[in-house]
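A short write-up of the structure that comes next.
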Amino acid sequence: MIVHSRSGTRRAALLGSVALPLLFLVSTAYAADKPKPHGDTPAASYEPSMTTLGQMKLEIPGRKPDDPVITAEEFNTAMQIYFERCAGCHGVLRKGATGKALTTDITRKHGYQYLKDFITYGSPAGMPNWGTSGDLTEAQVDLMARYILIDPPQPPEFGMEEMKKTWKLLVPVDKRPTKPENDLQRDNLFSVTLRDSGQIALIDGGTKKIVKILDTGYAVHISRISASGRYLFVIGRDAKVNMIDLWMKEPATVAEIKVGAEARSIETSKFKGYEDKYAIAGSYWPPQYVIMDGNTLEPLKIKSTRGMIYDTQDFHPEPRVASILASHYKPEFIVNVKETGKILLIDYTDIKNLKTVEIEAERFLHDGGFDSTKRYFLVAANARNKIAVIDTKESKLTALIESGGATPHPGRGANIIHPVHGPVWVTSHLGDEIVSLIGTDPVGHPDKAWKVVQNLKALGGGSLFVKSHPKSVHLYVDAPLNPEAEVSGSVAVFKVGELGSAKPKYVELPIAQWAAIPEGQPRVVQGEYNEAGDEVWFSVWNAKDKVSAIVVVDDKTLKLKTVIKDPRLITPTGKFNVFNTRNDVY
Ligand code: DHE
């Protein structure tokens with residue numbers, strides 16, 4: 001265990017890596033600085049990849065007389081590359097998101113040679129140098145330059161008819177148990193994402209044994225638990241939802257559905273009187289969300305998120321649905337729409353006459369969570385370096401705060417009681433080592449509320465998740481996307497009681513080293529507490545063909561408690577403890 005005040009060399013390593021020398025500069029617009037290889041900055045390597053869309057085969061849209069020559073096979077290859085590597089920034093329809101629009105009125109003005117050079121060398125504004133970095137071959141760069149001179153293909157919509165065709169009620173409600181048929185400590189189960197095997201592992205928090213491995217969607221992403229703790233909902237990037245009944249003798253999928261082509265979020269109704277009644281899933285493509293029956297996944301209401309951007313009031317054709325949470329204050333879902341920067345509070349009491357409060361927040365909303373009272377919801381507009389705060393009781397924007405670092409990425413954040421500033425919510429950042437503490441107590445600490453009251457410095461950039469627990473005196477900060485193996489394999493732990501000092505120190509836990517994995521560069525990601533709040537679990541996320549593990553840390557002593565290894569634990573990433581997830585404890 002190592003104690004640090006901060007790590008200057010690691011920050012330098014992160015910021016200082018530079019692309020191959022630019023031998024010729026192709027445009028004065030990006031001649032001033034050197035571009036960075038894609039993946040050198042953690043934020044760049046974290047752009048969404050539309051892998052499911054990339055597997056589709058689509059027709060070449062109506063050709064124009066001067067379209068560059070491209071065969072059907074080349075077109076589908078280029079489309080796959082585009083969806084996997086470019087659509088995250090430039091949009092599925094190429095109308096622009098964090099990256100510039102690439103519609104043919106723009107690309108044709110620039111012409112083939114300019115585009116080819118731009119793709120090859122990148123730009124300091126953020127375009128990766130796909131060619132010189134070796135990420136794309138010369139032939140692929142040529143193909144992509146030709147591809148973006150052609151009108152973009154439009155992937156299919158996914159309405160009620162398509163959804164219903166994929167809906168399977170595998171075990172009807174009347175055939176399910178009427179009381180729990182197993183003696184599992186259900187509230188201390190962990191649903192662990194096995195990202196690249198398209199599965200989840202249900203692990204018993206007490207025995208640390210795998211109870212069951214269940215098949216789910218492709219590149220499975222997150223799990224959420226129904227308010228009662230009975231049903232586990234899992235969503236894959238291919239937008240497949242699995243609903244698992246934890247009461248069955250052997251937990252199994254009782255219903256499944258595909259809600260689109262690309263998705264990331266799922267949630268269930270939590271307000272008193274509506275427990276387990278509805279589920280909701282949001283998708284990246286098509287841009288929409290669907291409210292489903294919470295016992296069967298029958299799709300009930302689909303709503304498009306296409307519409308105007310909150311500030312410019314220009315139309316956006318594909319605003320993706322990012323995080324979704326269920327309010328504890330009202331019968332409402334909180335839906336974050338990325339590109340239009342709107343937070344929707346969707347009243348689910350009468351879904352035939354759906355009432356929605358639409359809050360203007362900030363563009364590029366991504367992930368977030370509640371403060372300790374569960375009244376306020378804090379969400380990162382990550383590409384804008386801001387945190388939006390919503391009062392779920394008053395249904396309005398409370399504050400929009402500069403996060404104090406580059407690209408905030410809180411997960412659901414962490415809530416701690418600061419010795420000087422009182423209750424604060426915490427986020428770390430993808431782009432640097434800053435950990436921001438935001439005051440959340442407008443009654444007891446009105447001068448601190450909705451301000452960054454302190455910036456800590458942790459291991460380095462590439463952090464994705466922070467974690468604490470009401471019973472803990474610690475705050476954990478990971479850095480899985482940091483390019484340095486030592487950093488991405490460790491977590492920083494701050495003692496909450498010592499945060500009042502001028503330069504709070506952290507302890508570094510070498511989690512990957514504790515896992516004793518012989519090969520690869522396993523990344524340590526996403527701490528999650530057990531139900532009692534006395535253990536923290538970390539995924540040691542290695543390549544698909546290499547050994548991964550879960551490391552359990554004793555929260556009191558910060559010593560290694562257990563390493564869970566099993567050949568079935570392929571690429572473990574997110575972990576969702578049933579009790580903490582259903583009660584929003586973090
Ligand atoms: Fe996630 C949450 C989107 C890459 C692990 N991720 C989320 C949420 C969104 C999102 C919108 C919030 C869901 C909610 O609260 O309803 N994630 C995306 C992406 O678009 C992105 C950047 C790229 C992509 O193409 O998917 C992406 N995410 C990743 C990963 O590479 C991670 C590290 C590993 C993995 O399993 O894929 C990853 N994301 C997670 C986890 C959460 C998450 C573990 C839930 C954290 C929590 O504590 O709630």
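The values are calculated or read from the model by the stated rules, or taken from the named source; none is laboratory data. Bear in mind the structure is a predicted one, so any value in this text is a computation, not a measurement. Here Cβ is always computed from backbone atoms with ideal geometry, including for glycine, and neighbour counts include all displayed protein chains. Side chains included, ligands, DNA and RNA excluded: accessible areas come from the protein's heavy atoms. Shrake-Rupley method; radii C 1.70, N 1.55, O 1.52, S 1.80 Å.
A few remarks follow.
- The listed residues are SER436, SER468, SER403, SER463, and the only one of them that is under 30 Å from LYS330 (Cα atoms), within 16 Å of the ligand (Cβ to nearest atom) and either open to solvent by less than 10 Å² (accessible area, probe 1.4 Å) or under 16 Å from the mean Cα position of the chain (by Cα) (or both) turns out to be SER468.
- Near pairs, Cβ below 6 angstrom, 6+ apart or cross-chain, from region 39-55 (farther than 18 Å from SER323 by Cβ and more than 10 Å from the ligand (Cβ to nearest atom)) to any residue that is in a loop (DSSP other than H, G, I, E, B) and modelled with pLDDT under 60: ASP40/SER17; ALA44/HIS38
- Some residue of region 73-92 being open to solvent by less than 20 Å² (accessible area, probe 1.4 Å), at pLDDT below 90 and not in a helix (DSSP H, G or I): no
- If only residues of region 238-249 that are modelled with pLDDT of 95 or more and within 14 Å of the ligand (Cβ to nearest atom) are counted, the one that is nearest to GLY282 (Cα to Cα) is ALA239.
- For the condition open to solvent by less than 60 Å² (accessible area, probe 1.4 Å), under 30 Å from SER269 (Cβ atoms) and within 16 Å of the ligand (Cβ to nearest atom), VAL525 qualifies.
Here's the yes/no breakdown for (1) more than 16 Å from the ligand (Cβ to nearest atom); (2) at pLDDT below 95; (3) touching a strand residue (DSSP E or B) at 6+ places or on another chain (Cβ under 6 Å); (4) open to solvent by 20 Å² or more (accessible area, probe 1.4 Å):
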position: ILE280; (1), (2), (3), (4): no, no, yes, no
position: ASN295; (1), (2), (3), (4): yes, no, no, yes
position: ILE302; (1), (2), (3), (4): yes, no, yes, yes
position: THR305; (1), (2), (3), (4): no, no, yes, no
position: PRO317; (1), (2), (3), (4): yes, yes, no, no
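- Residue satisfying condition, being touching an Asp or Glu at 6+ places or on another chain (Cβ under 8 Å), among the hydroxyl-bearing types (Ser, Thr, Tyr) and within 16 Å of the ligand (Cβ to nearest atom), within set THR398, THR356, THR392, THR340: THR392
- Among the conditions (1) assigned to a loop (DSSP other than H, G, I, E, B); (2) open to solvent by 10 Å² or more (accessible area, probe 1.4 Å); (3) not aromatic (Phe, Trp, Tyr), the only one that GLU486 does not satisfy is (1).
- Flag if PRO518 is away from the ligand (no atom under 16 Å from the Cβ), farther than 26 Å from PRO408 by Cα and in a loop (DSSP other than H, G, I, E, B): yes
- Pairs, first open to solvent by less than 10 Å² (accessible area, probe 1.4 Å) in region 233-244, second of a type in the set (Lys, Arg), C-beta under 8 Å, six or more apart: PHE233/ARG224; ILE235/ARG264; ALA239/LYS258; VAL241/LYS258
- Filtered residues of region 175-209 (kept if away from the ligand (no atom under 15 Å from the Cβ) and over 18 Å from TYR231 (Cα atoms)): GLY206, THR207, LYS208, LYS209
- Among the residues listed as PHE370, PHE364, the single one being in contact with a helix residue (DSSP H, G or I) (Cβ under 8 Å, 6 or more places away or on another chain) and within 15 Å of the ligand (Cβ to nearest atom): PHE364
- Among (1) free of Cβ contacts under 8 Å to residues at least 24 places away in the same chain; (2) closer than 26 Å to ALA261 by Cα; (3) surrounded by 20 or more Cβ atoms within 10 Å (Cβ to Cβ) - the single one GLY131 does not satisfy: (2)
- Scanning region 169-223 for residues that are among the hydroxyl-bearing types (Ser, Thr, Tyr) and surrounded by fewer than 16 Cβ atoms within 10 Å (Cβ to Cβ) yields THR178, THR207.
- Tabulated pairs, region 331-343, first at positive phi, second assigned to a loop (DSSP other than H, G, I, E, B), C-beta under 9 angstrom, 6+ apart or interchain: GLY341/ILE309; GLY341/TYR310; GLY341/ASP311; GLY341/PRO319; GLY341/ALA361; GLY341/GLU362; GLY341/ARG363; GLY341/PHE364
- Every test in (1) on the phi > 0 side of the Ramachandran plot; (2) assigned to a loop (DSSP other than H, G, I, E, B) is passed by GLY413 save one, and that test is (2).
- Answer from SER327, SER323 - the residue that is hydroxyl-bearing (Ser, Thr, Tyr), open to solvent by 10 Å² or more (accessible area, probe 1.4 Å) and either within 19 Å of GLU298 (Cα to Cα) or within 16 Å of the ligand (Cβ to nearest atom) (or both): SER323
- Extreme residue, most open to solvent (accessible area, probe 1.4 Å), among residues of region 373-383 that are in contact with a strand residue (DSSP E or B) (Cβ under 6 Å, 6 or more places away or on another chain) and within 13 Å of the ligand (Cβ to nearest atom): ASN382
- Among the candidates LYS544, LYS575, LYS556, LYS565, the residue that is at pLDDT 95 or above and within 13 Å of the ligand (Cβ to nearest atom) is uniquely LYS575.
- GLY62 being open to solvent by less than 30 Å² (accessible area, probe 1.4 Å) and at pLDDT below 95: no
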